[in-house]
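To start, the structure itself, in C-alpha cells.
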Ligand code: NI
C-alpha cells in the first residue's frame, strides 16, 4: 500500500520543519523536508552599520544566538582588518561564552527535544503536558530505569539554568549576549568571575559524566537497532570551531564516505536554489556573491531553506561531523572518548553514522567542550587586554565561519560606503535539512529518511527519531510568516 504522510511541525521547539514521506509497503520511497517560514535577515541588514550585524543576527534565534554572535563577530573582524589581532583574553572569553551555550544546547537537545521519543514519561507521570500528545511507539525502557530518566528530564532543566547563568557571567545575559563584539569582548576576567564560572562548570561536568553520558548509553543499549537506522549521506563537513590562542578545538575538514579527510576551503561552498523559494538567478553561487531574493511562485520549490553544497556534494554537519573529523585527523582526546564509548557499546566507527551515533557524538562532544573550558578559564589573565579598537572601513569583505551546537554556521558580508552592501547566512540546519539541489540530490536529512522501514504509518516513530537526532533549528533557518498565507496547515505537535 502506498501512502503519503506529512509530519508538520516535526520539531518540538526551534521553528517549523515539515517532513513529507511517501511510504510504500512500509518503506520510505520518497522524502521531502521543508522549512515553511521565511527568514529574511539578509534583507533587513542591507544599508545598515556593519556592526549592527553582530546585534541583529543574534535575533535570528533565541536558542542559538551565541553562534550568530560569534560568526558575525568573526565576519566583521575580517571585514575591518581585525582578524589575527584579537587579544588572547578576548578569544578565551568568546569561547567560554559560546561553550556555555554549547553545553546548554546539547543538554536541551537530548533531554527536552529528543529523549521523549525513547523515554515513556506518560508511563511514569500520566497524561500530563508537555508529555502529551505524542506518538504511541515502542517505549522499551521500563520501571525504575524509565522513572530515573524522567527524573533526569527535570534535573536537566536546572543544569541548563546553570549553563545560562555561567554564560551571563561574561556575556551579560542569555539569550542575545552583549559581550561578544567585533575586536574581542566587552567584559574582562576577574578572580571573582572565574570562581563563579568554575563552580557551575564543575557541577555541569559532573552531570555530563555521571548522568548525560550514562543515559545516552542506557538508551543506546535498549534501542541498538537504531545504530542501523538513519545512516544519511556519510559525507561530513566541519568549518572548525572554538578559536583559541592555541588553535581550534574543532578541526576544519571534509570527511568522505570512506573516512578520508580533505582540507576545507570556503570557496568550494555554493547554494543551489532550484527547489527553494528564491530567484534562480542566484543559484550555484558562493555565499560571498549570493543574494537572498524570495520568489514565491516557483513550480518545483518546496522550502524556504536553500541547498548549500560543498564541491556540489551533500554534506552533514553537527557533532557527528566534528567528532569524526577530529577522529580521522588524529585528535588524541577525541579518539580516546570515541573509542571508549564504542567499546562499551560493542560498536565500530561505522555505527556512528546513525540515529544513535548522532546522540552519542553530541554527548561526547559536551564532555570534550566542558573539560576544555576548565583550561580556557585557567588561561585567562585578569588585567590584560580583552579587545582591540576598530574603525568602520570605506569598503571591505568578511567571512565568519564557525561551529554552532548544530553544526557549521557561516556569515558573509560586503561593506560599501561604510554600510552593509550584502549579507548572507548559512545555518547548520540549511546544510542538514536542505531540499533537493539543482542536480536533484536529496538533502542530508532526506537521504537519512529514504529507505527507512516504518512499522506504523499513523505513529511514524522511526522518522521523527531520525530527524530529531540531527537537532534541527528551523528558527535559525527560516523566519517570518506572510500574513497573506491562506493556509497554516493542521498542526499536531508530537
Ligand atoms: Ni537556532
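The values are calculated or read from the model by the stated rules, or taken from the named source; none is laboratory data. None of the values given here were measured: they were computed from a predicted structure. Methodologically, a virtual Cβ is constructed for each residue, glycine included, from the backbone with ideal geometry; neighbour enumeration extends over all protein chains shown.
Which of the numbered conditions does residue 430 fail, given that it passes all the others? Conditions: (1) within 13 Å of the ligand (Cβ to nearest atom); (2) part of a helix (DSSP H, G or I); (3) farther than 22 Å from residue 74 by Cα.
Against the list (1) within 13 Å of the ligand (Cβ to nearest atom); (2) part of a helix (DSSP H, G or I); (3) farther than 22 Å from residue 74 by Cα, residue 430 comes up short only on (3).
Given 89, 101, which one is under 14 Å from the mean Cα position of the chain (by Cα) and either at pLDDT 95 or above or more than 16 Å from the ligand (Cβ to nearest atom) (or both)?
Values: 89 fails: under 14 Å from the mean Cα position of the chain (by Cα).
The unique qualifying residue is 101.
Here's the yes/no breakdown for (1) surrounded by 15 or more Cβ atoms within 10 Å (Cβ to Cβ); (2) touching a strand residue (DSSP E or B) at 6+ places or on another chain (Cβ under 7 Å):
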residue: 296; (1), (2): no, no
residue: 299; (1), (2): no, no
residue: 306; (1), (2): yes, yes
residue: 342; (1), (2): yes, no
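Of 455, 489, 451, which residue is on the phi > 0 side of the Ramachandran plot, away from the ligand (no atom under 15 Å from the Cβ) and modelled with pLDDT under 95?
Values: 455 fails: on the phi > 0 side of the Ramachandran plot; 451 fails: modelled with pLDDT under 95.
Exactly one of 455, 489, 451 is on the phi > 0 side of the Ramachandran plot, away from the ligand (no atom under 15 Å from the Cβ) and modelled with pLDDT under 95, namely 489.
Which condition number does residue 73 fail, the rest of (1) modelled with pLDDT of 90 or more; (2) away from the ligand (no atom under 16 Å from the Cβ); (3) over 28 Å from residue 364 (Cα atoms) being met?
With respect to (1) modelled with pLDDT of 90 or more; (2) away from the ligand (no atom under 16 Å from the Cβ); (3) over 28 Å from residue 364 (Cα atoms), residue 73 is out only on (3).
Looking for whichever is in contact with a helix residue (DSSP H, G or I) (Cβ under 7 Å, 6 or more places away or on another chain), free of Cβ contacts under 8 Å to residues at least 24 places away in the same chain and either in a helix (DSSP H, G or I) or over 30 Å from residue 460 (Cβ atoms) (or both) here; the options are 99, 123. Which one fits?
Details: 99 fails: free of Cβ contacts under 8 Å to residues at least 24 places away in the same chain.
Result: 123 is the single residue among 99, 123 that is in contact with a helix residue (DSSP H, G or I) (Cβ under 7 Å, 6 or more places away or on another chain), free of Cβ contacts under 8 Å to residues at least 24 places away in the same chain and either in a helix (DSSP H, G or I) or over 30 Å from residue 460 (Cβ atoms) (or both).
Would you check which residues across segment 55-68 are assigned to a helix (DSSP H, G or I) and either surrounded by 22 or more Cβ atoms within 10 Å (Cβ to Cβ) or within 16 Å of the ligand (Cβ to nearest atom) (or both) and list them? Show your work before the answer.
Pass one, segment 55-68, residues assigned to a helix (DSSP H, G or I): 55-60, 65-68.
Within segment 55-68, 56, 57, 58, 59, 60, 65, 66, 67, 68 meet the criteria.
For segment 233-263, enumerate the residues that are touching a residue at least 40 places away in the same chain (Cβ under 8 Å) and part of a loop (DSSP other than H, G, I, E, B). Lay out the reasoning, then the answer.
Initially, segment 233-263 is screened for residues touching a residue at least 40 places away in the same chain (Cβ under 8 Å), giving 233-245, 249-255, 259-261.
Selection gives 233, 234, 235, 239, 240, 245, 251, 252, 259, 260.
Would you confirm, using the coordinates I've provided, whether residue 170 is in contact with a strand residue (DSSP E or B) (Cβ under 8 Å, 6 or more places away or on another chain) and part of a helix (DSSP H, G or I)? Talk me through it step by step, then tell me what you get.
Values: in contact with a strand residue (DSSP E or B) (Cβ under 8 Å, 6 or more places away or on another chain): yes; part of a helix (DSSP H, G or I): yes.
Yes.
Looking for whichever is in contact (Cβ under 8 Å) with a residue 40 or more places away in the chain and surrounded by fewer than 16 Cβ atoms within 10 Å (Cβ to Cβ) here; the options are 190, 186. Which one fits? Lay out the reasoning, then the answer.
Working: 186 fails: surrounded by fewer than 16 Cβ atoms within 10 Å (Cβ to Cβ).
Matching residue, one of 190, 186: 190.
Determine which single condition residue 478 fails, assuming it passes every other condition in (1) at pLDDT 95 or above; (2) closer than 20 Å to residue 272 by Cα.
It is condition (1) that residue 478 fails.
Does residue 84 satisfy the condition of being away from the ligand (no atom under 16 Å from the Cβ), in contact (Cβ under 8 Å) with a residue 40 or more places away in the chain and outside any helix (DSSP H, G or I)?
Values: away from the ligand (no atom under 16 Å from the Cβ): yes; in contact (Cβ under 8 Å) with a residue 40 or more places away in the chain: no; outside any helix (DSSP H, G or I): yes.
Judged against the criteria, residue 84 is not a match.
Within segment 401-422, track down each residue that is more than 16 Å from the ligand (Cβ to nearest atom) and within 20 Å of residue 309 (Cα to Cα).
Step one: of segment 401-422, the residues more than 16 Å from the ligand (Cβ to nearest atom) are 401, 412-422.
Answer for segment 401-422, where residues must be more than 16 Å from the ligand (Cβ to nearest atom) and within 20 Å of residue 309 (Cα to Cα): 401, 412, 413.
I'm trying to understand the selection: among the residues of segment 19-36, which are in a loop (DSSP other than H, G, I, E, B) and surrounded by fewer than 18 Cβ atoms within 10 Å (Cβ to Cβ)?
Of all residues in segment 19-36, those in a loop (DSSP other than H, G, I, E, B) come to 25-26, 36.
Result: 25, 26.
Which condition breaks for residue 437 when tested against (1) surrounded by fewer than 24 Cβ atoms within 10 Å (Cβ to Cβ); (2) at pLDDT 95 or above; (3) not in a helix (DSSP H, G or I)?
(1)
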